[in-house]
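First the structure, in the form of C-alpha cells, and then the observations on it.
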Amino acid sequence: MHKLNLTRRDFLKTTGASLFLAGVPIPGYTKDKPPGTISVILLEGGMDGLTAVPPFGDPDLLKMRKIISPKNYLKLNSFFGLHPSFRVLAGLFANNQASVVHATSIPYVKRSHFEGQNMMEGGGLSPFSENSGWLGRALDLANTPGRALSLDMPLVLRGHNENDNFYPASIRNSSKLNTKLIEAISMAHAKESADVYSKISNKSKVDVSNIPRDPASLAKYAGKVMSQDEGPLASVIRIPEFDTHARQGADTGKHADLLGIIDDVIAGYREGLGSAWDRSIILTMTEFGRTVAVNGTTGTEHGYGTAGILAGGTIQKSRIITQWPGLSKNDQFERRDLMATIDYWSVCAACIEKALGLDHELIAKKVFLRPNLPRVFDYIFS
Amino acid sequence: MNEQFRVSQKLGLMFKPGDNIPKDIRSWALSQLHEKSPAIGIKSVSRVGNSVVTSEVTNWPKHLQPDLRERAKRWRIYRAFNKLARKENKSNAEKQRNRQENQFGEIDALKFSHRNVYGNDQLRVRFLTFWTNHFTMGNIHDNQNVIGHAMDEAILANLNNNFSEMLFKVTSHPAMLIYLDNIWSAGENSKHARWCNIKPDCQAGLNDNLGRELLELHTVSPAANYTEDDIRNSAKVLAGWGTHLEETLKKMREQGKTTNHWDYFKKDFAEPGKKMVMGKKISPGKRGLRQLTDFLANHEHTIKHISTKLCQHFVSDSPEQSDINQIAKAWRDSDGNLDKIHTKVIELAIKSKEPKFQWPMTWIYQVVRLSGASYFHGWDQVYNWYDNGIMRNKEVFEELGQSFWATRQPNGYSSKKEEWLSGEMFERRIRFASAIYMGGETQVSTDKIMDRISANNATRKLVDSVGMNEESRFIALMCSAELMGLENA
C-alpha cells in the first residue's frame with residue numbers, strides 16, 4: 001500500500017507553524033512588572049500523549065498499541081518513558097527543567113477538533129462561549145497589553161486591548177509602509193478596523209523581514225524578544241497536523257516527526273531566551289488525546305486524556321505529575337480513551353500564576369471562569 | 001457605491017474595465033447562476049519597455065485540464081521517478097521537471113485565479129469558492145493532483161443541481177477520500193480486515209475521520225446531537241470507498257469492477273450488514289453511501305447549518321435569523337435545489353444593506369478586476385518565480401494567508417469578520433495593493449474607478465487626503481472601509 005516517505009526536512013517545510021507574541025509591558029502603565037514569561041505551544045489536531053510519554057509500566061500499553069509505541073524511549077522513571085524524538089527535552093528533564101502532566105485534558109469530551117480547539121483557546125465553559133482567549137484575559141488582568149506574531153489573531157490571545165501581531169512578509173514589488181498613508185486609512189475606518197490599521201503604523205518601525213518561518217526559528221526569535229527588558233511576556237506557537245488517523249508511526253514516522261518539532265521549538269526558545277530562560281515557563285496543550293486502541297489504519301482516532309509537556313527555568317524539579325487511571329477497558333473513558341484525572345486548566349492557571357504573578361483565585365474566576373478550579377501550583381513549581 | 005458595484009462586491013468579483021454594467025442588477029445577478037463557466041485565462045504576460053503586454057483571453061488548453069485517469073497516471077510517473085531518484089543521483093533540474101510535468105496543484109490554483117480574474121461568471125465563481133471552502137480538501141497526503149478536479153467536476157459542475165448530488169459527488173471524490181484518510185479504512189468485519197488481522201504485522205480496520213467530518217462539518221453539525229455510534233456507523237458506510245492514485249488498474253477492476261477513481265468501492269474493505277446512522281437504516285454495499293448522503297442532505301440540521309453559513313458568507317456580517325430562515329425555507333420547499341437556494345441568497349444579499357467583509361482572496365481578485373491590472377502570470381509561466389514585477393501565483397496566496405491548496409484543517413476558512421481583523425492581515429492588503437499597482441499596470445486611474453463605482457464621500461475624502469501620488473491614492477482606495485466590505489455606500 002501507498003506509503004508517505006516524507007523526509008524530516010520536507011515535512012518541516014510543509015508544516016506551517018505560526019508564532020504569536022503578546023503582553024508587552026508599557027513603562028509607567030504596568031505597576032509591577034510580572035516576574036516571568038509564559039509560552040504556549042498549541043498542538044492542533046489532538047496530540048497522542050500515550051506515544052509522547054508512553055506509560056510502559058502499564059501492562060495494557062503494549063497489548064493495545066504495540067505498533068505505534070516507540071521502542072527506544074528514554075526511561076523517565078519505572079513507569080513512564082519519553083519518546084526518542086524529544087532529545088532536547090530529555091536533557092532538560094535530566095537537569096530538572098522539564099516536567100510532564102499525564103492523564104490530563106481540558107474538560108471537553110465530545111471529540112470535535114473545532115469545538116475542542118475553540119475551548120482550548122477560549123478557555124470558556126463551553127465551545128464558542130467566549131470571544132476572548134484565556135491568555136488574553138490573563139494578560140489583561142496583569143495589565144500587560146501586547147502584540148502577536150502571525151497572520152491571524154488567534155482566539156487564545158484575544159481579549160486585551162492593545163493586541164497586535166507580526167509576521168515576516170515577503171511581498172515583492174510593494175513599497176515600504178508609509179506611516180502617513182496608513183494613518184490616513186486608519187482615520188477613515190470605523191473604530192474596530194481603524195484600531196487595526198493604527199497598529200500597523202507603529203510596527204512599520206520594526207524590521208521583521210529576516211526571520212525564517214520554520215518553527216524553531218520562530219521560537220528562537222520569540223525567546224530573543226521576550227528576553228528583552230521591554231519585550232513581550234507571552235508567546236504562542238501553533239503547530240498543526242497532530243490528527244494522525246492513519247500511519248501514525250512509532251519511533252519514527254508522522255507523529256514522531258511532529259514530536260520532533262515540539263522538541264525543536266523548545267530548543268529554539270531555550271536558545272533565544274538566553275538568561276531569561278530562568279524566569280520562563282513553556283507549556284504544550286492540545287484539544288484532546290487519541291484513542292487507546294490503534295484503529296484500522298495504524299493510526300488513532302479522536303480521544304480524551306493526553307499529556308502536557310512543561311519546560312523552563314522556573315521548574316525546580318522534574319516530575320511526572322499524574323494520577324494514573326490505568327489503560328484497561330474498564331479504566332478507559334467511555335471504554336475507548338485515556339481518562340483525564342487532572343484538569344489541564346489548573347495546569348495553565350499555575351503557569352499564569354508563576355509567570356504573571358497573579359493570585360490563583362483571581363485566575364480561576366476571571367480567566368477560566370471556574371471559581372473552584374483546583375490549585376496545582378506546588379506540584380509543578382515547588 | 002452604486003447598486004451595481006455594491007451587488008458585484010457582495011456576491012461577485014466586481015466589473016472589469018470594459019464590462020457592460022447591467023442596468024437591472026437583480027436580473028443580471030440571477031441570470032449569473034446560469035452563465036457558462038469555461039476556464040478562460042491568458043497564456044502569458046510580458047513587459048515590453050514600460051508597458052505590460054498580456055496575451056488574449058481564451059480557453060485554457062485541454063492538456064492542462066486532464067481528467068482523473070490522466071491525473072492518476074501522472075501521479076504514478078511522479079512517484080516512480082522519486083523512488084528512482086532515491087537510488088540514483090538525479091539532478092535538480094530533472095527533479096524539477098518531474099514535479100512540473102506531473103503535478104497539478106499549482107496549475108489548478110492558477111486556473112482558479114484566472115477564473116476569478118477573467119471569468120464572465122463572477123457569481124458562479126463566488127459560489128464555487130463558498131462550496132470549495134465548505135467541503136475543504138486541503139493538501140494533506142499530497143492530494144494536490146486532484147483538488148482542482150473536485151472543484152471543477154464535483155462542485156462547479158453541480159452548482160445548478162441538487163445539494164444531495166453535490167454532497168455525494170464531493171464525498172466520493174478521491175480528493176476528499178484521500179484528504180480525510182478514507183482510502184485506508186476497512187470495516188472491522190470486512191474480508192480484508194479478517195484476512196489481515198490474523199497475520200502478525202498486518203493491521204486493518206475502521207478510520208472514522210471522514211465519517212465524523214461528514215456529519216460535523218459537511219452536513220448536520222454537532223447541533224444534531226449525534227453519538228459516537230452514529231460517527232462509527234457513518235464510517236462503516238464509507239469503508240471501502242476510494243483508493244490512492246497509485247493503485248493498479250488491474251486491482252481496481254478486480255475489487256471494484258471499474259478503473260474510475262471517482263466510483264471506486266473496494267468490496268473486500270466494505271463492512272457487511274446494515275448500518276444505523278441517526279435513526280436511518282442504511283443498506284450494505286456500495287449503494288449505502290448514496291442513501292446516507294441523501295438522508296443527510298435534506299436533514300433539518302443540515303438545512304439550518306448550511307443556511308446559516310450561506311447567510312454569513314454572502315448576506316451580512318451579522319446575519320438576521322429571519323434571513324437564515326428564508327434560505328432554509330427555500331431549501332425545504334425545493335428539497336435542496338441549489339438554484340432555488342442560491343436565488344434566495346442573492347435576493348437577500350441585495351435586499352440587505354448590511355456590509356459584508358470580503359476575504360483576502362476575494363478582495364485581491366476584486367482589486368485586480370476593478371483596476372484591470374495584469375497581476376497573475378499566464379499558464380505558460382505557472383512555474384516562473386518573481387518575474388516581470390509579478391509574484392508566482394502560489395506565493396501570492398501563501399503571503400495572503402489563504403489558499404485552497406494549502407495544508408489546512410477541514411473546517412475551512414471562517415466567514416466571520418473578526419477572524420480576519422488583524423494588523424498583519426491588513427498590512428498584507430496595503431502591500432498587495434501597492435504590488436498590484438507597481439507590477440500589474442492598472443488600466444484605470446483611481447479617480448476613474450471611484451467615478452465608476454460611485455465611491456462614497458468618506459472614501460473620496462480619504463483618497464484626496466493622501467495627496468496626489470497615484471500609488472498612494474490607489475492603496476487608499478483599495479484599503480478603504482468601502483472596498484474592504486466593512487461599510488456600505
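The values are calculated or read from the model by the stated rules, or taken from the named source; none is laboratory data. Treat the numbers as computed from the prediction; the structure is a model and nothing was measured. Neighbour counts are summed over all protein chains in view; Cβ atoms, including those assigned to glycine, are modelled from backbone coordinates with ideal geometry. We work out accessible area using only protein heavy atoms, side chains counted, and drop any ligands, DNA or RNA first. Shrake-Rupley method; radii C 1.70, N 1.55, O 1.52, S 1.80 Å.
Values for this structure:
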quantity	calculated
Net dipole in debye of chain B [+1 Lys, Arg Cβ; -1 Asp, Glu Cβ; about Cα centre; nearest 20]	1480 debye
Share of pairwise Cα separations in the stretch B:300-351, more than 18 Å, in percent	15 percent
Residue B:147 - accessible surface, heavy atoms, 1.4 Å probe, Å² rounded to 10	0 Å²
Alpha-carbon centroid distance for the pair the stretch A:331-382 / the stretch B:340-389, whole angstrom	46 Å
Neighbouring partner chain Cβ atoms per residue of A:288-301, average, 10 Å criterion	5
Rg ratio (alpha-carbon, reference 2.2 N^0.38 Å) - the stretch B:254-364	1.45
Degrees between helix B:360-371 axis and first principal axis of chain B (Cα, 0 to 90, nearest 10)	40 degrees
Relative packing of peptides B:230-238, A:330-338 - highest average C-beta neighbours within 10 Å first	B:230-238, A:330-338
Largest to smallest accessible area among B:394, A:180, B:10, A:71 [probe 1.4 Å]	A:180, A:71, B:394, B:10
Long-range amide H partners of residue B:386 with built H, under 5 Å	B:392
Around residue B:122: net Lys/Arg minus Asp/Glu count, Cβ-Cβ under 13 Å	+4
Area accessible to solvent at residue B:86, 1.4 Å probe radius, in Å²	140 Å²
Cα-based Rg of the protein assembly as shown normalised by 2.2 N^0.38 Å, two decimals	0.94
Global geometry of the stretch A:46-111, whether rounded, prolate or oblate, following the gyration tensor of its Cα atoms and the 1.5 cut on a/c	oblate
Cross-link partners of residue B:286 among lysines (Cα-Cα below 23 Å; sequence separation of 8 or more within a chain)	B:169, B:191, B:236, B:250, B:251, B:257, B:266, B:267, B:274, B:275
Subset of A:366/B:344; A:71/A:224; B:329/B:416 violating a 32 Å alpha-carbon distance limit	A:366/B:344; A:71/A:224
Rounded tilt (10° steps) of B:300-310 against the dominant C-alpha axis of chain B	30 degrees
Summed side-chain charge close to residue A:262 - residues other than residue A:262 whose Cβ falls under 13 Å, Lys, Arg +1, Asp, Glu -1	-3
DSSP loop GluC sites (Glu not before Pro) with at most 10 other Cβ within 10 Å: longest gap in chain B	B:89-489
Residue-level accessible surface for residue B:281, protein heavy atoms, 1.4 Å, Å²	130 Å²
Length gained when the stretch residue B:76-residue B:100 is fully extended (0.36 nm per residue, less Cα-Cα span)	7.3 nm
MRE, 222 nm, helices only [DSSP H, n ≥ 4, -39500 (n - 2.57), over the protein assembly as shown, to nearest 500]	-12000 deg cm²/dmol
Exercise: per-residue mean of other protein chain Cβ atoms within 10 Å, B:462-469	4
Largest to smallest accessible area among A:368, A:128 [probe 1.4 Å]	A:128, A:368
Peptide A:96-108, shielding by other chains (average Cβ, 10 Å cutoff)	0
Exposure ranking of B:202, B:311 by accessible area [1.4 Å probe, largest first]	B:202, B:311
